[in-house]
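The values are calculated or read from the model by the stated rules, or taken from the named source; none is laboratory data. Since the model is a prediction, treat every value here as computed from it, not as a measurement. So basically every Cβ, Gly included, is an ideal-geometry build from the backbone, and we count neighbours across all protein chains shown. Note: accessible area is taken over every heavy atom of the protein model, side chains too, but ligands, DNA and RNA are not part of it. Shrake-Rupley method; radii C 1.70, N 1.55, O 1.52, S 1.80 Å.
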Amino acid sequence: MHAEGDRGGGLGAAQGGSGDDVLPDAALHSWFLDPAVARGADGRLTNDDTYFLNDVSSWELRAEAVTAVPNLFLAGDHVRTRANVDFTCMETANEAGRRAANGALAAAGADGADEVELFAGAEPPGFAELKAADRTRYRLGLPHVLDL
């Protein structure tokens, strides 16, 4: 990412250094850089936006990686993957990509030997008990233990 007006050597500079100008600067229609992204005094990029986390109860609204449309597969951190990863992160997007790849392989008639490995995830010891206690407190209208 570069400051407005500075594309850092043109679009072709990001094409692997082959020397071929496959995407000439004239092909650029427009571009936008989130105003929260800025270059600091040290030259590094910073992002002042708050990290996005999904809303409570959004799990039911998420799509599956394999859809009812025979040739449509979804991947991204917005896709439902496993019950214990209900938040936005690169790992969720990766897992959704794996599920989408398996869906595409199955639709193409590939045998199970070609499947991409899925990960079950892990939960720290005692975490399930803490979550159960939190659900109970919530149902009873009590504050979260960290809010006391």
Complete set of residues in the range 134-148 that are assigned to a helix (DSSP H, G or I), out of contact with any helix residue (DSSP H, G or I) (no Cβ under 8 Å at 6 or more places or on another chain) and surrounded by 11 or more Cβ atoms within 10 Å (Cβ to Cβ): Tyr138
Flag if Glu91 is assigned to a loop (DSSP other than H, G, I, E, B), open to solvent by 60 Å² or more (accessible area, probe 1.4 Å) and among the charged types (D, E, K, R): no
Leading residue by the ranking (farthest from the chain's Cα centre (by Cα)) among those in the range 31-82 that are part of a strand (DSSP E or B) and within 30 Å of Gly109 (Cβ to Cβ): Val66
Options Ala110, Ala122; residue that is more than 19 Å from Leu61 (Cα to Cα), in a loop (DSSP other than H, G, I, E, B), open to solvent by 90 Å² or more (accessible area, probe 1.4 Å) and without any contact (Cβ under 8 Å) to a residue 12 or more places away in the chain: Ala122
Out of Leu118, Leu146, Leu140, Leu130, sole residue that is modelled with pLDDT of 95 or more and either within 25 Å of the chain's Cα centre (by Cα) or not polar (S, T, N, Q) (or both): Leu140
